[in-house]
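The values are calculated or read from the model by the stated rules, or taken from the named source; none is laboratory data. What you see is a predicted model; the values in this text were computed from it and never measured. Don't worry about glycine lacking a Cβ; one is built from the backbone with ideal geometry, like all the others, and counts go over all protein chains shown.
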Amino acid sequence: MSGGDIKLVGFLCNWCSYAGADMAGTSRMAQPAEMRIVRLPCTGRVNPLLVLKAFQEGADGVLVSGCHPGDCHYNEGNYYAHRRLELLSRMMAVYGIEPERFRYTWISASEGARWAETVTGFTETIRPLGRLNLAGGGARDDDHHQGPAAGSASPAEKR
Amino acid sequence: MRIGVFVCQCGTNIAATVSTERVASAAMALRDVVHAESIQYTCSDPGQRTVIAAAHKYALDRVVIAACSPRMHETTFQRTMAQAGINPFMMEMVNIREHCSWIHSDMEVATEKAIDLVSMGVAKVRGQTPLFSSHVPVVSEVLIIGGGVAGIQAALDIADAGMPVTLVERGPTIGGNMARLDKTFPTLDCSSCILTPRMVEVKHHENIRLMVNSEVEQVRGYIGNFEVDIRKKATCVDEEKCTGCQICEQKCPSEAPDEFNAGVGETKAISIAFPQAVPLVASLRKEYCRLYIKGKCGICKKVCPADAVDYEQEDELHTEKFGAIVVATGYELFDWRQAYPHYGGGLYPDVITSIQYERMLSASGPTGGHIQRPSDGAEPKEIVFLSCVGSRDESIGRPLCCKVGCMYIAKQAILTREHIPDSRTYVFYMDVRAGGKGYDEFYRRAQKEAGAVYLRGRVGKIYPRGGKLVVMGADTLVGENVEVEADLVVLATGIDAAAGAGSLAQRLNIPYDQYGFLSESHPKLRPVETTTGGIFLAGACQGPKDIPETVAQASAAAAKVIVLLSHDELETSPMIAEVNHMRCIGCFKCREVCPYHAIEEQGLRDGRRVAVVIESLCQGCGLCTVACPPSVISLRGYTDNQLIEEVTAVLR
Amino acid sequence: MVSTAYSYYPGCSLTSSATEYDISFRKVVEALGIQLDELEDWNCCGASPAPHHKAETLGVLLPGRNLHIAGASHDAIVAPCAGCYNRLKYAQYKLAGDQDIREQTSEVFQAEVRYQTEVLNIVQMLNREITPEALRERSQGRLANIRIGAYYGCLLTRPADILGFDSPRDPRKMRPLMEATGAEVPHFPFKTECCGSYMGLARKDILLKASHRIIEVAVSTGLDALVTACPLCHQNLDLRQEQINKAMGTSLRMPVLYFSQLIGLAMGISPEELELDALVVQPDMDRWLKGVA
């Protein structure tokens, strides 16, 4: 991977944030090059396990971005995403991952500048943290750390 | 598996910062890639021909195109695939322009990133399977909700195209707010002279079925195949028998508020809304009727020469099928009284709303076209108009512009001078918004010909003094406080969506805003569509509009409906959710989260109850895939495996 | 020890220009059997100038000290002066919401600042201590001969998000008790119009014009008296009424009572005890109380 040592993954919804990132490009807004964007129909499609999988496979930061509350193309997908991802972000430390390495945000199709700022800010947050070391028991002292169990429901639905 | 990778140079748009040759040669090293090349303009005709030729030459079954945003050219290249004999969904676009060459300047960095992105695209397309659109039959009948000028226009346009239309109106007559207007700006056309012929046309059109006193209760189904429950409310009058003779109204002893006339004057419990009502049929309002309040009367039944009065009448519930729905529920005026206690909050009878004033201006109105002070019936000489009451007022949480206030104030000022030549009119305004053909000229006419005095500032207080109303405001252009002693004050009140628009939107599963205005799918490019396929918007239900705009949008919605229903079948996107029935545990968590009610329960032969996706309803958001506890729902084109492969392609 | 009594913060006006407000308030409270403990060693609330001092915290420190003292012994502090009430609420709002200010204040006080004592104005307090039904019972329509209007001014209701007391445009919290006195309370459109406030010092002409209009509308509304809970409003409307008439060439007469005086009258406390004779514009008590035993 190019653009420095760290690897960042962005899960973007097709309708708002992906279009926002397109707009940042159309407006030629310079951004750090560590981000790799994955296009999805909706942040509601983002399984928290997918985020954990990305960390497990070597991502040093994961950013999820969707439509602003109320603007979801599918009416309410981002509300579900919000619940799932909020819970996930609180769980990060438990998994031995610094909470700053995971972020979710809402960026509309017209907010190219905001996307550029978000990527820049996120990259600058992760750079000083360096590579994520999960194999060595996690970045935090946590003797009970276990990797995410595959195949179970996302936490949000298990209310 | 034989994958071809095509790296677009986009002239210099990509090639200036990404070495497309290097990207192509790096792609050749990826698993299952049998061909990779760089093309100058892939989307151009020669570019597409190059892709098709390579597909044939190398017997490709999957293609990755590294170029601009898929939001730009995904459809283009899907068509190219079809021409090349490859399933259109076996193509993945990789965005190396907006997300790479345009945002990085270092050739080395950008090229390496582009190689990463291509390997992600290759990893994803490897997991792709051919997908096929399905077809659903379409019902050719159209439902229009709301019988104002928008609903009338849409109904006539669609019916003229030969499609059967059902026009559902909540009130006893069609015509909507426009029927209450005296004149229209900027031409001063008589409103009912231009509207009532259209209303009659609706009544007599062979393709239109008119249902008044009716409301939409439930909506099921999906584009092309809606099933709608419509409740026709009992009015105690047989619509077929009633001749509109109004004898019942003349004899009825129960007074009732006159909603058509905005509370100016009274009507009877049994009445027709106005003389040109369509249908011209009386209806009875039980809440004001002596028979229902005191248990004794029945005069209307006795006097009716057509034997049309029927106290036993009950609501009727109709269930009908429609292919498309046009929502044209219109607007109502903001109730200003709570929000403006400093204008008396309704305590002063001579502070009225513009629609009340409009009814007084109308020759067929309750005052026979005479402007009268409600307090004493005298003819007012000093009349003050206040713009933006409930509009553009952050202090009461209503920042929206009503869009028509400035113009109808100008109209009413001009008409006032015609009705009372020795009157003086004052207009307190925020800004005069007169953008429209002939609008600014019209507003100037109000000043020059009608002598209206325009004062820029909001009114702070209205209070009574010696039989007059003191209007305390500011002229912010001069920087001074202004006081006008008025005989009558007319408030240009703001506009809200019609009452109940929000709950109707919920039944239709379409979004709406805090004022109840229904949301269009895209503010610029899809202004009459909603985010639910097959449901369209017309008129002020979508936001404040004047008549020309409303009519234009109604015709636009009609055109969209006609396009939709011109096909016997609809093609549906195959990128939707799919349940693996073998592993479904029947918990139906998917059904709980589905925004489109696209999951239904089905029994299998072994007795298990499983979830099934209704293909024509599913919009492919993927919410259910995450909610599924055993993870047995997959979203075609975005399966778990595909996403994991895409992500891990560059991480491992 | 926390007492059920109210801590009482009179402020400067009630000990100087508005002693009748202080006295009538104490009488009413006494008649209701409520204990008032005057705040020990109270200081200036900051009034209008302190918040505008270049040391930003002065507007919090001054009223904050009063809150701090009250907090040691009482759950609630009552400030009949609308200005004092306003300043105390402002300090409380700042101390609750701004950690920097809270820390600075604690540093000055050399103790963790106590700011959570409930701050009440006179209308809130009396509404809490006597229901309209109870007052109606006590007054027996005593003031049925008169028409009165509430004049709220500005300090009692604005800024609404800090005070959280009543609508700044259409305040109504005085009305239930005023109606319970037996008096008629017609709609008074000028209940929040500016009285001119402290313009009396710099531009008296503005003040006289503003106050004149309030009196004028009160007269044209057919009121026998205005009722206020603000000493500054009272000063502008009552004390300056002669100046107003002189400046505007009018001969208006409009008694202006304090809220406590009105409630006291309804409860049967004598006009003398309520210091009604301290008013510049004297109400015609004979007519007011005509027929009352």
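Worth a mention:
- Scanning region A:93-112 for residues that are part of a helix (DSSP H, G or I) and either of a type in the set (S, T, N, Q) or surrounded by 20 or more Cβ atoms within 10 Å (Cβ to Cβ) (or both) returns A:TYR95, A:ARG101, A:GLY112.
- Where B:VAL384 falls short, out of the listed (1) in contact (Cβ under 8 Å) with a residue 60 or more places away in the chain; (2) assigned by TED's automatic domain parsing to the domain that holds B:GLY466; (3) more than 19 Å from B:ILE462 (Cα to Cα): (3)
- Of the residues making up region B:556-589, those that are surrounded by fewer than 18 Cβ atoms within 10 Å (Cβ to Cβ) and in a helix (DSSP H, G or I) are B:ALA559, B:ILE562, B:VAL563.
- Residues of region B:446-481 that are in contact with a Pro (Cβ under 8 Å, 6 or more places away or on another chain) and free of Cβ contacts under 8 Å to residues at least 60 places away in the same chain: B:VAL470 alone.
- Residues in region A:69-91 that are surrounded by fewer than 24 Cβ atoms within 10 Å (Cβ to Cβ) and without any contact (Cβ under 8 Å) to a residue 40 or more places away in the chain: A:PRO69, A:GLY70, A:ASN75, A:GLU76, A:TYR79, A:HIS82, A:GLU86, A:SER89, A:ARG90.
- Restricting region B:341-355 to residues that are touching a Lys or Arg at 6+ places or on another chain (Cβ under 8 Å) and within 9 Å of chain C (Cβ to nearest Cβ) leaves a set whose member that is surrounded by the most Cβ atoms within 10 Å (Cβ to Cβ) is B:PRO341.
- Selection over region B:601-634 of residues that are part of a loop (DSSP other than H, G, I, E, B) and either within 11 Å of another protein chain (Cβ to nearest Cβ) or at positive phi (or both) gives a count of 11.
- Residues that are at the interface with another protein chain (Cβ under 8 Å from one of its Cβ atoms) and free of Cβ contacts under 8 Å to residues at least 60 places away in the same chain were ranked within region A:47-57; the one that is surrounded by the fewest Cβ atoms within 10 Å (Cβ to Cβ) is A:GLU57.
- Qualifying residue in region A:92-100 (condition: without any contact (Cβ under 8 Å) to a residue 24 or more places away in the chain and closer than 21 Å to A:ARG39 by Cβ): no
- When residues of region C:158-192 are limited to those that are among the aliphatic types (A, V, I, L, M) and in a helix (DSSP H, G or I), the one farthest from the other protein chains (Cβ to nearest Cβ): C:ALA180
- Filter result for B:ALA26 (within 20 Å of B:GLU646 (Cβ to Cβ) and either among the small types (Gly, Ala, Ser) or out of contact with any strand residue (DSSP E or B) (no Cβ under 7 Å at 6 or more places or on another chain) (or both)): yes
- Matching helices (runs of 4 or more DSSP H) fully within region B:353-450 where at least 1 residues are out of contact with any helix residue (DSSP H, G or I) (no Cβ under 7 Å at 6 or more places or on another chain) and among the β-branched types (Val, Ile, Thr): B:405-419
Results for (1) free of Cβ contacts under 8 Å to residues at least 40 places away in the same chain; (2) surrounded by fewer than 22 Cβ atoms within 10 Å (Cβ to Cβ); (3) over 25 Å from the mean Cα position of the chain (by Cα); (4) not in a strand (DSSP E or B), shown as yes or no for each residue.
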{"residue": "B:ARG231", "(1), (2), (3), (4)": "no, yes, no, no"}
{"residue": "B:ALA234", "(1), (2), (3), (4)": "no, yes, yes, yes"}
{"residue": "B:LYS241", "(1), (2), (3), (4)": "no, yes, yes, yes"}
{"residue": "B:ALA262", "(1), (2), (3), (4)": "no, yes, yes, yes"}
{"residue": "B:ALA273", "(1), (2), (3), (4)": "no, no, yes, yes"}
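- Test set (1) in the same structural domain as B:ASP157 (by TED's automatic domain parsing); (2) surrounded by fewer than 18 Cβ atoms within 10 Å (Cβ to Cβ) - B:GLN542 fails condition number: (2)
- Any chance A:ALA59 is assigned to a loop (DSSP other than H, G, I, E, B) and at pLDDT 95 or above: yes
- Condition check for A:GLY66: within 26 Å of B:CYS590 (Cα to Cα), crowded, with 22+ Cβ neighbours inside 10 Å, facing chain B (nearest Cβ under 7 Å) and not acidic (Asp, Glu): no
- A:ALA156 within 14 Å of another protein chain (Cβ to nearest Cβ), at pLDDT below 95 and in a helix (DSSP H, G or I): yes
- Out of C:GLY222, C:GLY196, sole residue that is touching a residue at least 60 places away in the same chain (Cβ under 8 Å) and part of a loop (DSSP other than H, G, I, E, B): C:GLY222
- Across region A:3-36, the number of residues qualifying as at the interface with another protein chain (Cβ under 7 Å from one of its Cβ atoms), of a type in the set (A, V, I, L, M) and either under 14 Å from A:ILE107 (Cα atoms) or assigned to a helix (DSSP H, G or I) (or both) comes to 3.
- Out of B:ALA179, B:ALA269, one residue alone is among the small types (Gly, Ala, Ser), modelled with pLDDT of 95 or more, under 21 Å from B:SER283 (Cα atoms) and not assigned by TED's automatic domain parsing to the domain that holds B:GLY298. It is B:ALA179.
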